[in-house]
Amino acid sequence: MTRVSIVRPDGGEIALGGPTRLRILEDGSTTAHRLGIAEITIAPHTAGPPQHRHGRHDEGFYVVAGTARFTVGEESYEAPAGTLVMIPPGAPHTFANDSDEPVVLLNTFTPDLYVQYFRDLRDMVASGSQPTAARIADVMARYATEPATTYSGEAVEPDHDQGIASDDVAQQARQHRARTIGPGGVLLAYGGAAGGA
């Protein structure tokens, strides 16, 4: 039988330190790996990770305190406290704190696949390896994640001198770029039926 998990304010597992602190609150062991949860605290004027997309898990961000900036492809959104950002598989995204105050995010992973990514980054740094872009991309790849600024399956719009995309490809690209801000400031980013990688 699985026991109830209670993580106190000073509990959890610190996976990342420094200007972006990540504390694992649920690693999936209580949820049969259906859900992982972390708390991210971002210092003022701190950039986030390179824009990337996940192939096998949804990621959610609830802004607990401060105002975060989320970038999805070429668009950026200010997300004040109380905003929920849901990122489905295949959607490019990143976040940052451009403000003068710390930002606190509650971060979810469904399933919990990506929790181990943060442990791997921690272990890389602890071993003395520099977290270069190439090494980070290698770690991301273990968890069906890749640096990207476009939705998976989205065609890059050709230069006007080279012609235009076919109607089917153009329609698919429009579907993948669809985003809306819903009631209560909830930002929904979704990739349509073909959003998974």
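Every number in this text was worked out from the coordinates using simple rules, so none of it is lab data. If you're wondering where the values come from, they're calculated on a predicted model, not measured in any experiment. All Cβ positions, even for glycine, are placed from backbone atoms using ideal geometry, and neighbour counts span all protein chains on display.
Among the residues of region 16-26, is there at least one that is surrounded by 15 or more Cβ atoms within 10 Å (Cβ to Cβ), more than 23 Å from Ala126 (Cβ to Cβ), in contact (Cβ under 8 Å) with a residue 60 or more places away in the chain and within 16 Å of the chain's Cα centre (by Cα)? No, the conditions are met nowhere in region 16-26. Consider region 31-45 and keep the residues that are of a type in the set (Val, Ile, Thr) and buried (at least 17 other Cβ atoms within 10 Å of the Cβ). The one that is farthest from Pro102 (Cα to Cα) is Ile37. You will find that of Thr132, Thr94, Thr71, Thr67, the residue that is surrounded by 14 or more Cβ atoms within 10 Å (Cβ to Cβ), free of Cβ contacts under 8 Å to residues at least 60 places away in the same chain, among the polar types (S, T, N, Q) and more than 23 Å from Leu25 (Cβ to Cβ) is Thr71 and no other.
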